[in-house]
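A.B. asks: Let me begin by handing over the structure; questions about it come next.
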């Protein structure tokens, strides 16, 4: 799972392995070790009506309504997004999407990424 933070937005990008794990276990997570601590991101499907995000001592926990995840598993669905209110009156934008293979060569393993729909097209 790749996480991108920018301002008041979080973008979760899941590859085939992440999506399979989420579909089979209801949860996918990523842990980054920083010095003696860790930073933990978790995405979990739950039987709830609205998404919930929680910041806990070492991580961010995103709970997504299970029907929304189930619809997203379809091959033609790229992603979904929503905006959540913060206690200070600001808003947090969340985007969850499938991770596509890069169109240009990079020094990065994207063997588990989804085929890019733009591959083979003149962009």
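A.B. asks: Report the FRET efficiency, 1/(1 + (r/R0)^6), for residue 34 and residue 110, where r is their Cβ-Cβ distance and R0 is 25 Å, rounded to 0.05.
C.D. replies: On the way: r = 24 Å, r/R0 = 0.98.
The formula returns an efficiency of 0.55 here.
A.B. asks: At 7 Å along Cα-to-Cβ for each site, give me the label-to-label distance between residue 16 and residue 83 in nm.
C.D. replies: Between residue 16 and residue 83, the label points sit 3.6 nm apart.
A.B. asks: Same structure again: Expected output is a single nm value to one decimal: the length gained when fully extending between residue 91 and residue 47, i.e. 0.36 nm times separation in residues minus the C-alpha distance. What is it? Before the final figure, lay out each step's value.
C.D. replies: Details: separation 44, 0.36 × 44 = 15.84 nm, distance 2.34 nm.
Result: 13.5 nm gained on full extension.
A.B. asks: Another question, then. Ignoring solvent entirely, what values of log10 I(q)/I(0) come out of the Debye formula for segment 1-71 at 0.14, 0.15, 0.23, 0.24 Å⁻¹ when each Cα is a single scatterer?
C.D. replies: Values returned for q = 0.14, 0.15, 0.23, 0.24 Å⁻¹ are -0.44, -0.51, -1.13, -1.20.
Bear in mind that the values in this text are calculations on the coordinates, not laboratory data. Not measured: the values here are computed from a predicted model. Positions of Cβ are generated from backbone atoms using ideal geometry, with glycine treated the same way; all protein chains shown enter the neighbour counts.
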